[in-house]
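Student: Provided herewith is a single structure, encoded as structure tokens, for subsequent inquiry.
The values are calculated or read from the model by the stated rules, or taken from the named source; none is laboratory data. Every value quoted in this text rests on a predicted model; they were computed, and no experiment measured them. Neighbour counts run over all protein chains shown; Cβ positions are idealised from the backbone, glycine included.
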Amino acid sequence: MTHLAPSILSADFTRLGEGFTAIAEGGATYVHLDVMDGHFVPNISFGIPVVESLRKFADKNGINMVFDAHLMIDNPKEYIKPFADAGADLITFHCEACTSAGEAVEIINLIRKEGKRVGIAINPDTPSEALKDLLPQIDMALVMSVVPGFGGQGFIEHTLDKARTIRKWSDEQGLPLDIQMDGGVNLDNIQTVAGAGVNIIVVGSAIFAHEDVTAKTREFINLISK
Ligand code: DX5
Ligand code: ZN
């Protein structure tokens, strides 16, 4: 099954509960939470208290979605427990934020210790090889299809090949790996993304720029459910 993971980065933050409810009503099974620190990326978005509030809101309103935290931050090691405690189900950190391969393994173990799913992200210019040896230890590889930092950017085509390569490696090893793609996905390219072996697809501005977020969410889900 291919999942849509709407990113609330482009939501109206004064009406976050409404936006969140709208994607749930549209049938989204994941909510993608873009955390930016102004260091790893040149932008600041939101952090722990927002994730915590949304988790409380979801629990109170009987909304069942995977909380998918994409940490675009330096020093991810220090923030695994706070995001796990705030309610993240899946925690993704960036390969580029690690100072060594050993540190990536350390972070994987920290996320496991919290009983959460583990994701590792690579930027458009980072080769797939950076993740190759770690694939058996993680649940999800996130292939960035834009340079992280901002919503609403154009899709970088060559990243599709990286998703295909990672899918090939995981199939060869018989791994139950999820592959996520994030950035610049729209109604015109989402099926190409799904065809590259990606099974969790992030869409931000192409959903939240619309008046009717529920209808847009449904439209995207219909395209990847065929
Ligand atoms: C980029 C973020 C993405 C992105 C998605 O730094 O990780 O999640 O904002 O938004 P769109 O779909 O607008 O590119
Ligand atoms: Zn993201």
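Student: Collect the residues in region 111-159 that are closer than 15 Å to residue 170 by Cβ and part of a loop (DSSP other than H, G, I, E, B), keeping them in residue-number order.
Tutor: 128, 133, 134, 138, 139
Student: Can I ask one more? Please verify whether residue 71 is of a type in the set (A, V, I, L, M, F, W, C) and under 27 Å from residue 22 (Cβ atoms), treating the condition exactly as stated.
Tutor: yes
Student: Within region 38-62, track down each residue that is under 14 Å from residue 83 (Cα atoms) and either among the basic types (Lys, Arg) or not in a loop (DSSP other than H, G, I, E, B) (or both).
Tutor: Once the filter is applied, which keeps residues that are under 14 Å from residue 83 (Cα atoms) and either among the basic types (Lys, Arg) or not in a loop (DSSP other than H, G, I, E, B) (or both), region 38-62 yields 48, 49, 50, 51, 52, 53, 54, 55, 56.
Student: Tell me which residues, restricted to region 180-212, are within 13 Å of ligand 1 (Cβ to nearest atom), in contact (Cβ under 8 Å) with a residue 24 or more places away in the chain, assigned to a helix (DSSP H, G or I) and not hydroxyl-bearing (Ser, Thr, Tyr).
Tutor: 190, 193, 207, 208
Student: Another question about this same structure. Restricting region 1-22 to residues that are in a loop (DSSP other than H, G, I, E, B) and either surrounded by 17 or more Cβ atoms within 10 Å (Cβ to Cβ) or at pLDDT 95 or above (or both), which is nearest to ligand 2 (Cβ to nearest atom)?
Tutor: Looking at residues that are in a loop (DSSP other than H, G, I, E, B) and either surrounded by 17 or more Cβ atoms within 10 Å (Cβ to Cβ) or at pLDDT 95 or above (or both), I get 11.
Student: Mind listing whichever residues of region 103-129 are in contact (Cβ under 8 Å) with a residue 12 or more places away in the chain and among the polar types (S, T, N, Q)?
Tutor: Once the filter is applied, which keeps residues that are in contact (Cβ under 8 Å) with a residue 12 or more places away in the chain and among the polar types (S, T, N, Q), region 103-129 yields 123, 126, 128.
Student: Of all the residues that make up region 191-219, how many are within 21 Å of residue 168 (Cβ to Cβ) and not hydroxyl-bearing (Ser, Thr, Tyr)?
Tutor: Narrowing region 191-219 to residues within 21 Å of residue 168 (Cβ to Cβ): 191-201.
Add one more test, that the residue is not hydroxyl-bearing (Ser, Thr, Tyr), and what stays is 191, 193-201.
Looking only at that region, the number is 10.
Student: Going by what's in this entry, would residue 221 be described as away from ligand 2 (no atom under 16 Å from the Cβ) and part of a helix (DSSP H, G or I)? Before the answer, list the steps.
Tutor: Numbers: away from ligand 2 (no atom under 16 Å from the Cβ): yes; part of a helix (DSSP H, G or I): yes.
In short, yes.
Student: Just to be sure, is residue 201 over 27 Å from residue 102 (Cβ atoms) and buried (at least 23 other Cβ atoms within 10 Å of the Cβ)?
Tutor: Numbers: over 27 Å from residue 102 (Cβ atoms): yes; buried (at least 23 other Cβ atoms within 10 Å of the Cβ): yes.
Spelling it out, residue 201 is indeed over 27 Å from residue 102 (Cβ atoms) and buried (at least 23 other Cβ atoms within 10 Å of the Cβ).
Student: Go through the residues of region 68-84 one by one and say whether even a single one is free of Cβ contacts under 8 Å to residues at least 12 places away in the same chain, in a helix (DSSP H, G or I) and under 26 Å from residue 218 (Cβ atoms).
Tutor: Within region 68-84, not a single residue is free of Cβ contacts under 8 Å to residues at least 12 places away in the same chain, in a helix (DSSP H, G or I) and under 26 Å from residue 218 (Cβ atoms).
Student: Here is a check on your reading of the model: is residue 174 on the phi > 0 side of the Ramachandran plot, surrounded by 19 or more Cβ atoms within 10 Å (Cβ to Cβ) and either modelled with pLDDT under 95 or not in a helix (DSSP H, G or I) (or both)?
Tutor: Criteria not met by residue 174.
Student: Let me ask something else. Surrounded by fewer than 16 Cβ atoms within 10 Å (Cβ to Cβ), in contact with a helix residue (DSSP H, G or I) (Cβ under 8 Å, 6 or more places away or on another chain) and more than 29 Å from residue 133 (Cα to Cα): which single residue out of 25, 52, 106 fits that description?
Tutor: Values: 52 fails: surrounded by fewer than 16 Cβ atoms within 10 Å (Cβ to Cβ); 106 fails: more than 29 Å from residue 133 (Cα to Cα).
Every option except 25 fails the conditions.
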